[in-house]
Structures are given as structure tokens and as C-alpha cells.
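The values are calculated or read from the model by the stated rules, or taken from the named source; none is laboratory data. From a predicted model like this one, the values you see are computed outputs, not experimental measurements. Cβ: placed from backbone, ideal geometry, glycine included. Neighbour counts: every protein chain shown.
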Amino acid sequence: MKNPASTSVIRFLDRGRSVSEVADLLECHPVTVRAEVHRFTAGGIEALPDASRPSLPAKLPGPDDRTALSWPSCSGSPPGRG
């Protein structure tokens, strides 16, 4: 979801809106709305703000990556201009 509070999903659904309507209102995918409902059903309101998204840990570039990404040196004249 862009940035709406997870509790807004539950609030809209509780007021009779459909999953599709809530997704349109919050500009997200209906699957995201259903995921919030499942979190709420499983753990109540406390489960919503703390639900984390799985992600890969940040990878720092290694020595090989730095070499491949380095800019060529500009100390001399380009070929054919000297």
C-alpha cells in the first residue's frame, strides 16, 4: 500500500465497504487489503502496525563490484586528441 494506516482498511470494511472499494479508496491492490484482514483476524489490532515485510538484507558492494563500477580515469587526453 502507498501509505495508509492498516487500521483504515479494517475501518472501511467494518463500515460496509467491499474489498475492491477499499483498495480503490486507498490506491492499493485488493490482495493487500485481504492481507491486512488476515493479519487483523490472526492477531487483532495489535498485529497491524507491527506486521513486517520480509526483505533481503542490504548487500554492501564487494571489491569486485567496486572495480566494475569505478569510472575510468580522466587524467589524459582522449584518444586522437593530444
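Structure summary
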{"quantity": "Residue match in segment 58-78 (condition: among the aromatic types (Phe, Trp, Tyr) and either surrounded by 10 or more Cβ atoms within 10 Å (Cβ to Cβ) or modelled with pLDDT of 65 or more (or both))", "calculated": "no"}
{"quantity": "Which listed residue, of 34, 39, is of a type in the set (Lys, Arg) and at pLDDT below 90", "calculated": "39"}
{"quantity": "Counted residues, segment 3-44 - those being assigned to a helix (DSSP H, G or I) and of a type outside the set (A, V, I, L, M)", "calculated": "18"}
{"quantity": "Residue count for segment 7-20, restricted to those that are out of contact with any Leu (no Cβ under 9 Å at 6 or more places or on another chain) and free of Cβ contacts under 8 Å to residues at least 12 places away in the same chain", "calculated": "6"}
{"quantity": "Which numbered condition residue 52 misses (of (1) part of a helix (DSSP H, G or I); (2) modelled with pLDDT under 65; (3) among the small types (Gly, Ala, Ser))", "calculated": "(1)"}
